[in-house]
Amino acid sequence: MDTKMSTRKALIGGNWKCNGTIASVKSLVAEFNKAKGAMPSNAEVFIAPPAIHMGLVADNLCKDFALSIQNVWSGKKDFGAYTGEITPAMAKDFGVQWALVGHSERRHTVAHESDELLNQKVLATLAAGMKVILCVGETLEQRDGGKAKCVVLSQIKYGISGVKISDWSRIAIAYEPVWAIGTGRVATPEQAQEMHKAIREWISANVDSKVANSVRIMYGGSVKPANCKELWKMGDIDGFLVGGASLKPDFLTIVGCVKDGAGL
Ligand code: PGA
C-alpha cells in the first residue's frame, strides 16, 4: 500500500553514533527536554547515545524518550571476560529498551560484522528481554547492479533466523541504503516505499502475515526536516532512524512530522 492507511505506531530513533562531549550532550538533552509532554501520541521515540554517555543521558533526558544502545555483545552469557563489550543483560539492567543491530557502520564500513554474528546479536538481545532494530541496506554498487532487493531480503532472512513468532513484537526493521547514510543523498519516497513493501511482503510470505502487518519498518539515510514529510506519507514507512539530524533540534521537527507535519 503506497499511501498511509496503517495504524502502526511510528518508531523514530536518533542515532548519535560516535559523537559528543559532556558539554554537547548536556546541551542537546536540554533542547530535547523541551519536547517533554509534547510527543505525538502515535509515536515511540528513542535516542541511541554513545555507550559512554548513556548514564548522562539516562539521568537527564525526560522519559518521553526511550534509550537504545548502538551495539551489543553477541553471546548468551550476562557477564564475562569480553573486554570492551556490553551485554544485552547489562543494557537491560540499566533501563535501555532497544538495541541497534547491524547498523551499516557495523555491517559494512567500520566493523564488518557478518550475517551470522548479527543473527547471534539479534537472538541474544531478544533472549535478554530487550527490543531489537535490525538494520539492513544495500551499497551503491549493489543497487546499481540491480541487486538491492536480493541483498536486503537476504540480510533479513539471516538476521532473523531462529526468531520465535512471539518475539516479533520486539523487533523493528530499519531500511538504510548505505549510499544514503551521511551523504545527504536521501532515497526518494518511491524508492524507499518500494523496498519497505518488498520487506513486508517477504515477512508475510516467510514469517507470518500478522507479523508483516504489525512490524515497524523505519527508513534511515539523510532524513531531515526537509524530506521527512514526503517519506512519512508512504504506506510502508513506519518511522525513521536519524543520524546527523538527531544531533540537532531538527530531530524534534522530524518527530513532529508524524503528527501533523508541523514539528513539536
Ligand atoms: P544519517 O544517518 O541520517 O546521518 O544519514 C542515518 C543512520 O546512520 O542511521
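Helices (runs of 4 or more DSSP H) wholly in the range 199-264 with at least 1 residues that are within 11 Å of the ligand (Cβ to nearest atom) and over 15 Å from residue 187 (Cβ atoms) - which ones?
Details: elements: 209-214, 225-232, 250-256.
Because the criterion is at least 1 residues that are within 11 Å of the ligand (Cβ to nearest atom) and over 15 Å from residue 187 (Cβ atoms), the helices (runs of 4 or more DSSP H) in the range 199-264 that meet it are 250-256.
If a residue has to be of a type outside the set (A, V, I, L, M, F, W, C) and under 25 Å from residue 24 (Cα atoms) to count, how many in the range 213-264 make the cut?
14
Provide a single number: the residues in the range 30-53 that are open to solvent by less than 10 Å² (accessible area, probe 1.4 Å) and within 18 Å of residue 247 (Cβ to Cβ). Steps first, answer last, please.
Step one: of the range 30-53, the residues open to solvent by less than 10 Å² (accessible area, probe 1.4 Å) are 32, 35, 40, 45-49.
Still in the running and within 18 Å of residue 247 (Cβ to Cβ): 32, 35, 45-49.
Of the residues in the range 30-53, 7 are open to solvent by less than 10 Å² (accessible area, probe 1.4 Å) and within 18 Å of residue 247 (Cβ to Cβ).
Here are the criteria: (1) touching a residue at least 40 places away in the same chain (Cβ under 8 Å); (2) buried (at least 16 other Cβ atoms within 10 Å of the Cβ); (3) touching a helix residue (DSSP H, G or I) at 6+ places or on another chain (Cβ under 6 Å). Tell me which single one residue 161 does not satisfy.
(2) is the only condition that residue 161 fails.
Would you check which residues across the range 90-130 are within 15 Å of the ligand (Cβ to nearest atom), of a type in the set (A, V, I, L, M) and either farther than 20 Å from residue 66 by Cβ or at pLDDT below 95 (or both) and list them?
110, 111
Among residues belonging to the range 166-198 that are within 22 Å of residue 109 (Cβ to Cβ) and part of a helix (DSSP H, G or I), point out the one that is nearest to the ligand (Cβ to nearest atom).
Looking at residues that are within 22 Å of residue 109 (Cβ to Cβ) and part of a helix (DSSP H, G or I), I get 180.
Residue check, residue 2 against (1) open to solvent by 20 Å² or more (accessible area, probe 1.4 Å); (2) of a type outside the set (Gly, Ala, Ser); (3) in contact with a helix residue (DSSP H, G or I) (Cβ under 9 Å, 6 or more places away or on another chain); (4) modelled with pLDDT of 95 or more, all met but one. Which one?
Unmet for residue 2, out of (1) open to solvent by 20 Å² or more (accessible area, probe 1.4 Å); (2) of a type outside the set (Gly, Ala, Ser); (3) in contact with a helix residue (DSSP H, G or I) (Cβ under 9 Å, 6 or more places away or on another chain); (4) modelled with pLDDT of 95 or more: (4).
Checking residue 82 against (1) in contact with an Asp or Glu (Cβ under 7 Å, 6 or more places away or on another chain); (2) among the aromatic types (Phe, Trp, Tyr); (3) without any contact (Cβ under 8 Å) to a residue 40 or more places away in the chain, which single condition isn't satisfied?
(1)
When you scan the range 93-145, how many residues do you find that are open to solvent by 50 Å² or more (accessible area, probe 1.4 Å), among the small types (Gly, Ala, Ser) and assigned to a helix (DSSP H, G or I)?
Summing the residues that are open to solvent by 50 Å² or more (accessible area, probe 1.4 Å), among the small types (Gly, Ala, Ser) and assigned to a helix (DSSP H, G or I) in the range 93-145 gives 1.
The values are calculated or read from the model by the stated rules, or taken from the named source; none is laboratory data. Remember, predicted model here, so these are calculated numbers, not experimental data. Neighbour counts run over all protein chains shown; Cβ positions are idealised from the backbone, glycine included. The area values use the complete protein model at the heavy-atom level, side chains included, leaving out ligands, DNA and RNA. Shrake-Rupley method; radii C 1.70, N 1.55, O 1.52, S 1.80 Å.
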